[in-house]
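What follows draws every value from the coordinates through simple rules; no lab data is involved. For clarity, every value in this text was computed on a predicted model and none was experimentally measured. Reconstructed Cβ throughout: ideal geometry from the backbone, glycine too, with neighbour counts over all protein chains shown.
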Amino acid sequence: MIDKIVPSAAAAVADIPDGATVMIGGFGTAGMPSELIDALIVRGPRELTIVNNNAGNGDTGLAALLKAKLVRKIICSFPRQTDSYVFDALYRAGDIELELVPQGNLAERIRAAGAGIGAFFTPTGFGTLLAEGKETRVIDGRNYVLEYPIRADFALIKALRGDRWGNLVYRKTARNFGPIMASAAKCTIAQVREIVNLVDLDPEAVVTPGIFVKRVVEVPAAVKLVAQPGAAA
Amino acid sequence: MNRYTREQMAARVARDIPNGAYVNLGIGLPTMVANHLPKDREIILHTENGLLGMGPAPEPGAEDVDLINAGKQPVTALPGASFFHHADSFAMMRGGHLDCCVLGAFQVSVRGDLANWHTGAKDAIPAVGGAMDLAIGAKSVYVMMEHLTKKGETKIVDNCTYPVTGLACVNRIYTDLAVIDITPQGLAVIEMVDGMTLPELSRLSGVPLVMAGVRAAA
């Protein structure tokens, strides 16, 4: 019997080693797997490379991981926000490396990794600072930049419901990076609000098929949070 | 000098968005366009974090942390809305599926180069988000900005001095003084605020301008 369910967030992240590349889902706090991140902080692997759209908000979740000084490098599109003070201080002190990637290139590089694509040409970023030194090509009269996949050892994502095969459905705009990160990591760990029986997810509605997911851990919803307006994307 | 108010600018942009259009409104000033979309047109708003059919802000108390826009503010989903992951969302943008996007800007060049993501200041922490994808992706890229900086310098320039977001990507500029098309022949003024003249607008802008539909002298 296939059973990808693990009993706790701590058990789910127990083998993430020093130096690992870890994708973390979420756009701001929507879809951020906070309990998995908290478990990772307790475990305490060092010199991590983190892939996320942002660089943490406030003092919790990804920001807490940065604050614990466990992260050597972050690959993201939008680190600077009104409440990204943890990252800002580390960056200004030279204590964290930043690879800034346009958001669509970030998404497509993750997607490419999961899809087995070796590299791809994209028009986004051509002629800008973020394409400096990169190979370019004119295709059908348009300028493109060569971009490479981003792969990870682990992906920590959050979904609404999952089953023991690892099939997942998400909730509203919390889906964001979950499905593509799930496919791009050697070991994808999903925290779900509810684990359901195999028959309970409509096959027509499954968003992430279980083949992309190695571990599922149930984290019931905490108190309902109110969205906090932050800065831009 | 007369100026269009921000509300007037937003209403003016909204007038140019046709029925049935798929539209992304950038963060800041462009967001105001949503409040002015004509009620008799069905226009579908895209937000790059993964929603088509975005509706207005919810009633206080009805906010949902999982239903936000690219500015991370709570929004609603209209009947007919759809959710999707980030690679699909940026395929909609990069793949030319959006009819129009409206962006803010620090500067736009006479060739339509856009600078809106980074001041280039040494101590600034860079952040780009979806700006570069929006700049090159939509069928029509509209910029909405003040014509002049607070110091009175033109934001329409021969060459951007701020780091660019995209090259030759802007189609039309809406400012507090004028509406200007960027054409292969140069900048063509479509409208000006009451009392403005082409010579005065040209002087303020510091770049060559012609009236739309009027052939420049050889």
In a Gaussian network model over chain B where Cα atoms closer than 10 Å are linked, find which of B:Glu48, B:Glu59, B:Glu191 has the largest mean-square fluctuation. B:Glu59
Rounded to the angstrom and largest first, Cα extents along the principal axes for region A:49-120 equal 36, 22, 20
Cα convex hull of region B:22-137, projected area averaged across orientations, nm²: 8.9 nm²
Work out how far the C-alpha atoms of region A:101-233 reach from end to end along every principal axis, then list the three figures in whole Å, largest first. 51, 35, 27
Modelled label-to-label distance, A:Ile195 and A:Arg46, 7 Å Cα→beta-carbon offset: nm? 3.4 nm
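Quick one: what do you get for region B:36-99 if you divide its Cα Rg by 2.2 N^0.38 Å? Each step should come with its number before you reach the end.
On the way: Rg = 12.2 Å, N = 64, 2.2 N^0.38 = 10.7 Å.
Relative to the rule-of-thumb radius for its length, region B:36-99 sits at 1.14.
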Just name one of B:Gly112, B:Leu37, B:Gly55: the one whose Cα is farthest towards the positive end of the charge dipole of chain B (beta-carbon charges, Lys/Arg +1, Asp/Glu -1). B:Gly112
Report the antiparallel proportion of the DSSP beta bridges in region B:6-211 as a percent, rounded to a multiple of 5. 55 percent
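Translational D (Stokes-Einstein, µm²/s) of region A:1-42 at 20 °C and 1.002 mPa s when Rh comes from the Kirkwood sum over C-alpha pairs?
184 µm²/s
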Quick one: work out the % antiparallel among DSSP beta bridges in chain A, nearest 5. 30 percent
Straight-line reach only, C-alpha to C-alpha below 20 angstrom: list the aspartates and glutamates that B:Lys72 could link to, leaving out same-chain residues fewer than 8 apart. A:Asp59, A:Asp83, A:Asp88, B:Glu48, B:Glu59, B:Glu63, B:Asp64, B:Asp88, B:Asp133
If you consider only alpha-carbon coordinates, what radius of gyration and Dmax does region B:6-211 have, in Å? 17.2, 52
Let me have the 222 nm mean residue ellipticity of chain B computed from DSSP H runs of 4+ only, each contributing -39500 (n - 2.57), with the sum over all residues rounded to the nearest 500. -4500 deg cm²/dmol
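Given the -39500 (n - 2.57) contribution per DSSP H run of 4+ residues, what per-residue ellipticity at 222 nm results for chain A, rounded to the nearest 500 deg cm²/dmol?
Details: 6 runs with 48 residues, N = 233.
My calculation for chain A gives -5500 deg cm²/dmol from helical runs alone.
Net charge around B:Gly20, counting only other residues with Cβ within less than 11 Å of its Cβ (Lys, Arg = +1; Asp, Glu = -1)?
On the way: positive: B:Arg41; negative: B:Glu42, B:Asp99.
Spelling it out: positives minus negatives among the neighbours equals -1.
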Using θ = phi - 60° and Karplus 6.51 cos²θ - 1.76 cosθ + 1.60, couplings along region B:137-145 (whole Hz; Gly, Pro as x): x, 6, 4, 10, 10, 9, 10, 10, 7
Dividing the convex hull volume of the Cα atoms of region B:98-161 by its residue count, what figure in Å³ per residue is obtained? 88 Å³
When the scattering of chain A is computed by the Debye formula from its Cα atoms alone, each counted once and equally, what is log10 I(q)/I(0) at q = 0.13 Å⁻¹? -0.76
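Excluding A:Ala205 itself, what net charge comes from residues whose Cβ is under 13 Å from its Cβ, given Lys and Arg +1 and Asp and Glu -1?
Details: positive: A:Arg161, A:Arg171, A:Arg175; negative: A:Asp163, A:Asp200, A:Asp202, A:Glu204.
That works out to -1.
Which of A:Lys67/B:Lys122; A:Lys67/B:Lys151; A:Lys134/A:Lys186; A:Lys69/B:Lys150; A:Lys134/A:Lys158; A:Lys172/B:Lys155 have a Cα-Cα distance over 29 Å? The partial results should precede the final answer.
Working: A:Lys67/B:Lys122 24 Å; A:Lys67/B:Lys151 39 Å; A:Lys134/A:Lys186 27 Å; A:Lys69/B:Lys150 41 Å; A:Lys134/A:Lys158 33 Å; A:Lys172/B:Lys155 38 Å.
Over 29 Å apart, Cα to Cα: A:Lys67/B:Lys151; A:Lys69/B:Lys150; A:Lys134/A:Lys158; A:Lys172/B:Lys155.
Would you mind counting up the charge near A:Ser84? Only other residues with Cβ under 13 Å from its Cβ, with Lys and Arg at +1 and Asp and Glu at -1. Don't skip to the end; give the middle numbers.
Values: positive: A:Lys67, A:Arg80, A:Arg92, B:Lys72; negative: A:Asp59, A:Asp83, A:Asp88.
My count for the surroundings of A:Ser84 gives +1.
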Can you give me the Cα centroid spacing of region A:150-200 and region B:1-36 in angstrom? 38 Å
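What per residue convex hull volume, in Å³, comes out for the protein assembly as shown when only alpha-carbon positions are used? Write out the running numbers ahead of the final one.
Values: hull volume 70.9 nm³, N = 451.
Looking at the protein assembly as shown, the number lands at 157 Å³ per residue.
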Antiparallel DSSP beta bridges within the protein assembly as shown, percent to nearest 5: 40 percent
